[in-house]
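The values are calculated or read from the model by the stated rules, or taken from the named source; none is laboratory data. It should be emphasised that the depicted structure is a prediction, and the values quoted were computed from it without experimental measurement. Quick reminder, even Gly has a Cβ in these numbers, built from the backbone with ideal geometry, and neighbours come from all protein chains shown. Accessible surface areas use protein heavy atoms only, side chains included; no ligands, DNA or RNA. Shrake-Rupley method; radii C 1.70, N 1.55, O 1.52, S 1.80 Å.
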Amino acid sequence: MLPYAAAPGRWLDVGTGHGHFCETARELFPDTAFDGLDLSEGVELAQRHGRLVHGFRGTLPGRAAELAGQYDVVSMFHYLEHSTEPQRELTAARQALRPGGLLLIDVPDPQCRYARLLGRWWLPWLQPQHLNLVPVANLRERLGELGFTVVLEQHGSPHDPVDLLAACWLLFDAVAPREDAPWLPGGPPAGWRRALRGALFLAAAPVLLLATLLDHLIARFAGRAGLSNAYRLLARRE
């Protein structure tokens with residue numbers, strides 16, 4: 001952000017949760033007023049604890065009219081994929097921004113090579129929480145239609161090095177599901193399920209450790225190799 005907005009006046013973080021991003025970002029932008037928006041009560045707690053100047057509870061489309069033209073930056077970190085209507089979210093973000101303001105978006109990359117290689121075991125599919133996974137070309141096109149100009153696209157730094165570990169965990173979890181999974185069919189007694197699950201994960205510990213090491217090794221070149229599981233766009237409202 002620094003090369004594009006050295007000292008934004010007001011910043012709205014959408015899907016802010018408990019406002020921890022805003023608290024951290026304030027170290028780089030000490031003069032910026034950080035507001036947050038979220039569906040949960042965490043945003044109200046964040047305001048009470050001083051992590052946010054204003055904490056808004058609700059949805060961005062629902063609040064867009066009252067927030068119109070107030071912000072220099074709107075950020076959405078792994079928020080858009082949870083929305084039932086991402087196009088409405090983008091339109092509302094444009095409405096909340098002042099002319100020349102910046103929209104910062106991080107989302108999973110459904111076109112990364114890990115998504116194809118790992119298939120159903122790729123964690124960012126995360127059904128049913130992730131409702132819309134948008135290829136970068138589609139998002140760039142839609143932003144252009146809304147009057148944004150993309151000034152930055154990143155694939156390496158947004159990557160979260162968990163793909164192989166998570167895939168192994170999901171596979172083992174499918175082989176020996178936890179006993180409280182509501183979709184479990186009738187099977188052996190709960191005690192046997194607990195014992196089977198414990199034995200499997202104990203035996204799998206070396207595999208999980210190796211997967212973790214490989215994740216962090218691959219992270220060094222994930223962006224260049226097309227393995228980054230997320231991407232970031234920074235777009236300016238014209």
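Checking Y71 against (1) open to solvent by less than 10 Å² (accessible area, probe 1.4 Å); (2) more than 21 Å from L234 (Cα to Cα); (3) not hydrophobic (A, V, I, L, M, F, W, C), which single condition isn't satisfied?
(2)
Looking at region 138-158 only, could you name the residues that are closer than 17 Å to Y231 by Cα and of a type in the set (D, E)?
E141, E153
Check H49, H18, H78 and return the single one that is in contact with a strand residue (DSSP E or B) (Cβ under 7 Å, 6 or more places away or on another chain) and open to solvent by 70 Å² or more (accessible area, probe 1.4 Å).
H78
Give me the pairs, please: first residue somewhere in region 195-219 and of a type outside the set (D, E, K, R), second residue anywhere and open to solvent by 50 Å² or more (accessible area, probe 1.4 Å), beta-carbon distance under 8 Å, and either six or more positions apart or on two chains.
So the pair list comes out as L196/P188; L200/V175; L208/L165; L208/W169; A211/L165; T212/L165.
Tell me whether region 226-238 contains one or more residues that are under 27 Å from R140 (Cα atoms), at pLDDT 90 or above and of a type in the set (S, T, N, Q). Break it down into steps so the answer makes sense when it comes.
Just the residues of region 226-238 that are under 27 Å from R140 (Cα atoms), to begin with: 226-238.
Among the residues that remain, those that are also at pLDDT 90 or above are: 226-238.
Adding the requirement that they be of a type in the set (S, T, N, Q) leaves 228-229.
Scanning region 226-238, I find at least one residue that is under 27 Å from R140 (Cα atoms), at pLDDT 90 or above and of a type in the set (S, T, N, Q), so the answer is yes.
Only one of G9, G58, G62, G19 is within 24 Å of E153 (Cα to Cα) and not hydrophobic (A, V, I, L, M, F, W, C); which?
The match here is G9.
What tally of residues in region 206-220 results from selecting those that are open to solvent by less than 90 Å² (accessible area, probe 1.4 Å), out of contact with any helix residue (DSSP H, G or I) (no Cβ under 7 Å at 6 or more places or on another chain) and within 10 Å of L165 (Cα to Cα)?
0
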